[in-house]
Structure formats: C-alpha cells, structure tokens
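J.: The structure's right below; bear with me while I get my questions together.
Just so it is clear, none of the values below were taken in a lab; they were calculated from the coordinates. Please read all numbers here as calculations on a predicted model, not as lab measurements. Positions of Cβ are generated from backbone atoms using ideal geometry, with glycine treated the same way; all protein chains shown enter the neighbour counts.
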Amino acid sequence: RELEESKGILFLSESYNEIAYKRPDTWKVTVKSSRVSGNSSSYGFSQPMFINLYDNNVDFGKQLSPRGFISPIAETALLSYKYALLDIYQEDGKTINIIQVIPRHKYEPLFSGILHIIQDEWRIHNVDLFVDKDHQLEVLDTIKIKQVFIPVNNVLMVKDQSFAIQLNLFGFNVSGSFVNVFTDYVFDYDTKKTFNKYQMEYEDDALKKTSAFWDNARPVPLD
C-alpha cells in the first residue's frame, strides 16, 4: 500500500496502491483509490518512484539522468566519494553512525548529503541526500530524497520515502514534494496470481472513495 502526495499551489494528487515486486525488474501496481484535488474524474499520479541505494547505479529515469547516479554505498563508491563521520547515537540497542557523503568530482552523477548507517550490520537506517545540475541532473535543478527504514521480518525495508524537487523556469521558482508511505509488507505472496500483462491496473471504484475513506487511510495528514 502506498500514498503519494504532491503539494503545491497548482494541485494535490493522492493514490492508495497495492504494489507487487519480483526480482529483478517485474512490477505490478494495483490502484485501489486515486484522486486529484478539485477534479473527480482524474487519476492523477499513481506510479510511485522506487529508489534503491543498494543498487550500484541509482535510476531516477532517463529524462532526469540518462546514466543514473552512483550510489554512495556502491561497490566502487570510494572512487567517487569522500566521507566524514559527523556523530554517533544509540537506538534500540544499535549504534548508528551519521556520515556525510561528499562527491570527489564535479560534473559526475553523484549524490551529496547524509547517511545513517547501522554499525557492524552496515545497513542503511535512513538517508537525506540530494542530486543537482552540478552532478548531471537534467531538466530539474535539484532533487532531494529522504528514506526511513524499519525492520520487517528481520529485513530492513523502506517505510517512508519523500522527494522534493526544485526548478527555475523562465524566472519562476517551481517546487513540489512527493511522499510515499509503505506498509503491510508481504514476502510470500503467490506471484502466479499477481502478475499479468498489465504493469498497472485500476480498480473499478478507484475514483469513488469518500472523504471519510481518505481521512482514515491517509498516513500523512494534509496541512
């Protein structure tokens, strides 16, 4: 299940989805409910963006970066990044290292920002990173990404994921934000009954959910 929210002066779009994934690159998104503020006949944004920093090359889409970006934890990351230990804290009996990620080179597809890494396990606890035009981001000026991980069946999975975008267009500053909240992970579902020729499907009543449904289902309250 997923909620995607785009905040701004122009519009607000929300969707409540069921998402299935099979390695290496098979996806299925079932849209349970979708709406655009002020437009009851539009599905809005229902395709969430999935960012996996455990991949050596992180894909934001060919329009934004044809090459993708080198992950700060890629196998060859030491060739592209410098790191600085900023602080250490304890959480649930684990030691978390706050690490600053510093690109070694300008004009290469690299991230900047902060990683929280669980000591000894060397797994991501949360991230606060960004990419910009100085590091081969196209179309947009900046994308900021935040992810928070939680344990699910002894595996750390993304719970919250947010993007903030900025663009200067003909002298106007344009910004937007997208929030994904992931819940109810299932690891042993029947893939034969899940995947078909459609990557995205909409339930018949996806545009008919009431305000009460949204107030109850929405994990991120609207301001």
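J.: Filter Lys133/Lys197; Lys159/Lys208; Lys62/Lys208; Lys94/Lys159 down to the pairs with a C-alpha to C-alpha distance above 25 Å, please.
T.: Values: Lys133/Lys197 37 Å; Lys159/Lys208 27 Å; Lys62/Lys208 34 Å; Lys94/Lys159 19 Å.
Over 25 Å Cα-Cα: Lys133/Lys197; Lys159/Lys208; Lys62/Lys208.
J.: Kindly provide the helix-only [θ] at 222 nm of the chain, computed as the sum of -39,500 (n - 2.57) over DSSP H runs of four or more divided by all residues, to the nearest 500 deg cm²/dmol?
T.: Working: 2 runs with 11 residues, N = 223.
Calculated at 222 nm, the ellipticity per residue is -1000 deg cm²/dmol.
J.: Could you name the lysines in cross-link range of Lys209, using Cα to Cα under 23 Å and dropping any fewer than eight places away on the same chain?
T.: In chain and number order, the partners are Lys7, Lys28, Lys32.
J.: Moving on to the next point. Once R0 is set to 25 Å, what does the formula 1/(1 + (r/R0)^6) return for the Cβ-Cβ distance between Ser177 and Arg67, expressed as a FRET efficiency to the nearest 0.05?
T.: Numbers: r = 25 Å, r/R0 = 1.01.
That pair, Ser177 with Arg67, gives E of 0.50.
J.: Output the peptides 136-144, 195-203 sorted from most to least packed, where packing is the average of other Cβ atoms within 10 Å over each peptide's residues. Walk me through the numbers before you get to the answer.
T.: On the way: 136-144: 17.1, 195-203: 12.1.
Those peptides, ordered most packed to least, come out 136-144, 195-203.
J.: Tell me, what is the FRET efficiency for Asp184 and Asn57 to the nearest 0.05, using R0 = 35 angstrom and their Cβ-Cβ distance as r? Can you show the working numbers first?
T.: On the way: r = 29 Å, r/R0 = 0.84.
Rounded to the nearest 0.05, the efficiency is 0.75.
J.: Among bridges DSSP assigns within the chain, what percent are antiparallel (round to 5)?
T.: On the way: 70 of 74 bridges.
DSSP beta bridges in the chain are roughly 95 percent antiparallel.
J.: Starting from the Cα-Cα distance between Lys82 and Leu169, subtract it from 0.36 nm times their residue separation and give me the gain in nm to one decimal. Write out the running numbers ahead of the final one.
T.: Details: separation 87, 0.36 × 87 = 31.32 nm, distance 3.27 nm.
Working it through step by step, the gained length comes to 28.1 nm.
J.: Right, here's the next one. By how many nm would the segment from Thr26 to Met49 grow when fully extended, if each residue of separation counts as 0.36 nm and the alpha-carbon distance is taken off?
T.: Numbers: separation 23, 0.36 × 23 = 8.28 nm, distance 1.40 nm.
Length gained, Thr26 through Met49: 6.9 nm.
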